[in-house]
1. Which one is surrounded by the fewest Cβ atoms within 10 Å (Cβ to Cβ), of the residues in the range 195-211 that are in a helix (DSSP H, G or I) and touching a Phe, Trp or Tyr at 6+ places or on another chain (Cβ under 7 Å)?
2. Identify, by number, the condition in (1) of a type outside the set (A, V, I, L, M); (2) modelled with pLDDT of 95 or more; (3) closer than 19 Å to residue 360 by Cα that residue 156 doesn't meet.
3. Which residues, counting only those in the range 296-318, are without any contact (Cβ under 8 Å) to a residue 40 or more places away in the chain and in a helix (DSSP H, G or I)?
4. If I ask for residues that are within 20 Å of the chain's Cα centre (by Cα), outside any loop (DSSP other than H, G, I, E, B) and more than 8 Å from the ligand (Cβ to nearest atom), which ones from the range 272-293 would you list?
5. Does residue 237 fit the bill of being part of a helix (DSSP H, G or I) and within 10 Å of the ligand (Cβ to nearest atom)?
6. So, in the range 329-344, of the ones that are part of a helix (DSSP H, G or I) and under 25 Å from residue 62 (Cα atoms), which residue ends up farthest from the ligand (Cβ to nearest atom)?
7. Mind listing whichever residues of the range 167-194 are surrounded by 14 or more Cβ atoms within 10 Å (Cβ to Cβ) and either of a type in the set (Phe, Trp, Tyr) or free of Cβ contacts under 8 Å to residues at least 12 places away in the same chain (or both)?
Amino acid sequence: EGADGIALGKFLAQSGYSTFDNGFVNTASCKSAITYIDGNAGILRYRGYPIEQLAEKSTFIEVSYLLIHGELPTPEQLAEFTAKIQRHTLLHEDLKLFFNGFPRNAHPMPVVSSAVNALSAYYPDSLDHNDPAQVELSTIRLLAKFPTICAYAYKKSVGQPMLYPDNSLSLVENFLRMTFGFPAEPYEVDPEIVKALDMLLILHADHEQNCSTSTVRLVGSSNANLFTSISGGINALWGPLHGGANQAVLEMLDDIKASGGDTTAFMNKVKNKEDGVKLMGFGHRVYKNYDPRAAIVKQTADRIFELLGVSDELLDIAKGLEDVALHDDYFIERKLYPNVDFYTGLIYRAMGFPTRMFTVLFALGRLPGWIAHWREMHEDPTTKIGRPQQIYTGSTARDYPGA
Ligand code: ACO
């Protein structure tokens with residue numbers, strides 16, 4: 001009964017049956033019209049548009065609109081959306097003090113997730129998720145303030161003064177200026193770098209029911225507000241098996257370089273599963289063919305390195321590892337290919353970001369996807385609170401001593 005399976009699932013649960021699906025490899029948690037992936041064919045589309053076309057022709061703001069509203073904006077809609085975001089970039093002065101409460105060496109991810117959660121305290125009107133105008137305002141506030149929050153987390157970690165946003169700049173330029181600029185000093189950045197970072201954000205903007213997006217949906221399914229739900233997603237993203245992989249890749253490459261650059265010895269360790277060592281930035285739950293985002297990132301890496309005139313030995317090590325993996329039975333049999341994180345860290349590093357900021361950059365890109373999923377879930381009247389079953393493996397009933 002019920003093509004959506006809800007009635008059947010309810011019937012089975014009430015009859016005492018559960019399905020054990022470790023890691024949800026085979027269980028859909030929702031219906032969604034946002035992102036289409038065919039992992040075997042290496043296809044990724046946002047709202048039907050191929051990622052390759054969006055990466056080449058669109059902008060991060062336009063893609064954000066597309067993901068959240070379902071259609072590409074008209075020029076007027078895009079101008080209005082952009083202007084609204086530019087108007088909301090400032091953080092409340094008290095929220096700025098919040099950054100001072102963290103230790104200087106704090107990783108920026110918990111700082112960023114805490115600040116996003118704190119937005120619910122500064123904007124209690126965000127708690128009214130039934131009012132579409134309010135949801136739109138929370139969306140704009142979050143898209144606008146998130147780059148400021150990310151830049152402030154960076155400034156805090158390097159002990160430099162925070163810069164107010166300059167709303168005459170584009171989202172990416174503003175973010176770069178707040179991150180790398182200094183008060184009363186002009187900040188200039190090569191438009192090619194701005195374009196490349198904008199494109200990387202597009203590549204990260206959504207990836208259907210990955211760990212962090214599923215977290216946003218699960219938290220949001222209790223009717224928790226947008227800021228709090230997305231703060232949960234940021235925490236899920238931090239893990240090295242998810243968005244934290246871009247930092248882990250660079251650390252892995254640094255370790256290989258430090259130990260003399262012997263990729264064969266490292267690959268043998270991976271294949272023998274010594275100490276649980278993995279080739280970070282390789283493998284994906286869904287892609288069993290080349291990750292289409294990784295293909296674009298690899299080309300960009302070459303372009304950025306040429307543009308900046310830098311040569312990074314780590315890029316050669318990364319290419320060497322990929323070359324070995326593409327011809328090695330261990331990786332071929334398991335269908336392990338580079339994922340989006342394999343080359344991104346090298347580009348971020350060439351742009352001047354420290355390793356600890358890499359996952360923050362992923363979060364910056366993924367934000368519109370999280371928002372789109374939170375909104376899609378709330379707009380669906382059939383949404384139920386997420387509440388998985390378990391297979392109980394603990395003690396059977398026993399008496400408390402003396403009872
Ligand atoms: N290096 C070496 N072996 C690997 C790797 C890897 N990166 N990834 C998977 N394998 C092996 C597993 O050990 C397993 O081997 P087995 O069959 O002998 O037991 C087999 O390939 C299947 O892997 P699973 O772990 O079952 O695959 P799963 O879908 O659960 O995990 C994941 C996917 C988490 C991405 C995994 O490939 C991984 O840990 N990769 C490294 C971390 C990483 O790059 N994460 C970023 C993912 S993309 C993103 O979040 C944007």
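1. Within the range 195-211, the subset in a helix (DSSP H, G or I) is 195-204, 211.
Cutting the leftovers down to touching a Phe, Trp or Tyr at 6+ places or on another chain (Cβ under 7 Å) gives us 198, 201-202, 204.
Values: 198: 21, 201: 25, 202: 27, 204: 25.
Checked the range 195-211; the qualifying residue surrounded by the fewest Cβ atoms within 10 Å (Cβ to Cβ) is 198.
2. That leaves (2) as the condition not met.
3. Keep residues of the range 296-318 that are without any contact (Cβ under 8 Å) to a residue 40 or more places away in the chain, which gives 299, 302, 306, 309, 311-312, 315-316.
Scanning the range 296-318 gives 299, 302, 306, 315, 316.
4. Selection gives 292, 293.
5. On the way: part of a helix (DSSP H, G or I): yes; within 10 Å of the ligand (Cβ to nearest atom): yes.
Answer is yes for this residue.
6. In the first step, residues of the range 329-344 are kept if they are part of a helix (DSSP H, G or I); the result is 329-333, 341-344.
Narrowing the set further to residues that are under 25 Å from residue 62 (Cα atoms) leaves 341, 343-344.
Working: 341: 5, 343: 12, 344: 9 Å.
Ranking the qualifying residues of the range 329-344, first place goes to 343.
7. Here is the first cut: in the range 167-194, the ones surrounded by 14 or more Cβ atoms within 10 Å (Cβ to Cβ) are 167, 169-181, 187, 189, 193-194.
Result: 169, 175, 180, 187.
Residues are listed down the side, and each one gets a yes or a no for (1) at pLDDT 90 or above; (2) touching a strand residue (DSSP E or B) at 6+ places or on another chain (Cβ under 7 Å); (3) within 8 Å of the ligand (Cβ to nearest atom):
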{"site": "257", "(1), (2), (3)": "yes, no, no"}
{"site": "261", "(1), (2), (3)": "no, no, no"}
{"site": "270", "(1), (2), (3)": "yes, no, yes"}
{"site": "300", "(1), (2), (3)": "no, no, no"}
{"site": "304", "(1), (2), (3)": "no, no, no"}
{"site": "310", "(1), (2), (3)": "no, no, no"}
{"site": "321", "(1), (2), (3)": "yes, no, no"}
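The values are calculated or read from the model by the stated rules, or taken from the named source; none is laboratory data. For clarity, every value in this text was computed on a predicted model and none was experimentally measured. Note: ideal-geometry Cβ built from the backbone for every residue, glycine included; neighbour counts use all protein chains shown.
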